[in-house]
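What follows is a short report on a single structure.
Here, each number is a calculation from the coordinates, and none is a lab measurement. Keep in mind the model is a prediction, meaning the values are calculated, not measured. Methodologically, a virtual Cβ is constructed for each residue, glycine included, from the backbone with ideal geometry; neighbour enumeration extends over all protein chains shown.
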């Protein structure tokens, strides 16, 4: 075993146990993330915790998260318990009503569907649904054409969970902003594996949990709000921490924070934030560009191997800018075999997923070409 391989095994103990190729679902946390959370659990009952300055460490995580997505600073980042919460804050905080419309697609993960559908049911907001085409792509021109004068938000996943298609967010944001609409992004399938630059891409709001490509724990994520929009988004849950001078407990001055702390109503999930922060440290150390280069090599290898076994790859991969860490594929004539294929691979210690009736493989940067080769070898001939 080379020194690099040894270090990877230390950083990702799961390498000693199985071939995990399902990071688009719930990923194993990194070793540093687990160590940080274990430290917290061991010390939170001791005097060492009182003296540890954990809240200062959590504040530092905001700066790291900002760097991960190229935000202008930690003042644009709020901690959220999940992706859904961040998206719902935008849906409800813009105070939309009759006469307003929201552009979505017909293939969003439910976290980026129901908050907007709820507005249609309760506030009379019009939903405009862009259809995924037969090529498994959401076409930018279809999104642009769907935006009307009353559109206030375009709500899209950067990468679609059931196709792996990555959309050109800059082109979408240009179209949205030209009509006075905001771009709200579900970033859970891209942050941590793909280069994400919220400023260059023109993203107004983004939400992402840490438990997929960020290699952190469940129940903890980040919400990005462009700094000049903070005061235009009303917090839908108001508590003590939303307020200016929050630590002055007896001074009931209802004045909301002027930065992303405005969206944090109460105490943080400290153990989760520290675990997420440790994984973000690792991602930044390796470099997201390098992470994506490795993942692209692995998915390209998987794509070729899957086709040699005569499966049909559904994920759009012809255009480099539309690829992601997800490869969706299917049996050419017997999709009823998909569940048993997932089960048989699992019996051999290889983990992939079944999504929307199709097979999904999603490796991360610490996976190896040898692991992809073993996956292809174990995949039954179609």
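Between residue 7 and residue 141, the simple label model (points 7 Å from Cα in the Cβ direction) yields a spacing of 4.7 nm. Here the stretch 49-147 is treated as a sphere whose radius is the Kirkwood value from Cα pairs; by Stokes-Einstein at 37 °C and 0.692 mPa s it diffuses with a coefficient of 203 µm²/s. Counting only DSSP beta bridges with both residues in the chain, the antiparallel share comes to about 50 percent.
Is the stretch 296-347 rounded, prolate or oblate when judged by the Cα gyration tensor, a ≥ b ≥ c being the square roots of its eigenvalues, rounded requiring a/c under 1.5 and prolate requiring a/b larger than b/c? Judged from the Cα gyration tensor, the stretch 296-347 comes out prolate (a/c at least 1.5, a/b above b/c).
Highest average first, the peptides 157-166, 15-24 ordered by how many other beta carbon atoms sit within 10 Å of their residues are 157-166, 15-24.
Computed from the C-beta positions of residue 133 and residue 170, the FRET efficiency with R₀ = 22 Å rounds to 0.60. So how far apart, in nm, are the two label points at residue 47 and residue 232 if each is 7 Å from Cα heading toward Cβ? Inter-label distance under the simple model: 5.3 nm.
Determine the relative contact order of the chain: mean sequence separation of Cα pairs under 8 Å and six or more apart, normalised by residue count, in whole percent. Value for the chain: 22 percent. Over all distinct Cα-Cα pairs of the chain, the Kirkwood formula returns a hydrodynamic radius of 21.7 Å.
Set the Cα radius of gyration of the stretch 64-114 against 2.2 N^0.38 Å, with N its number of residues, and you get 1.39. Listing 56, 358 from fewest to most neighbouring C-beta atoms within 10 Å gives 56, 358. Calculated from the alpha-carbon coordinates, the stretch 195-349 shows an Rg and a Dmax of 21.7, 69 Å respectively.
Legend: ranking of residues 151, 2, 368 from fewest to most surrounding C-beta atoms inside 10 Å; resulting order 2, 368, 151. Would you calculate, for the chain, the mean residue ellipticity at 222 nm contributed by helices, counting each DSSP H stretch of 4 or more residues as -39,500 (n - 2.57) and dividing by all residues, to the nearest 500? Mean residue ellipticity, 222 nm, calculated: -11000 deg cm²/dmol.
Sorted ascending by nearby beta carbons within 10 Å, beginning with the fewest, 84, 308 become 308, 84.
A simple spin-label model places the labels of residue 255 and residue 57 3.3 nm from each other, with each point 7 Å out along Cα-to-Cβ.
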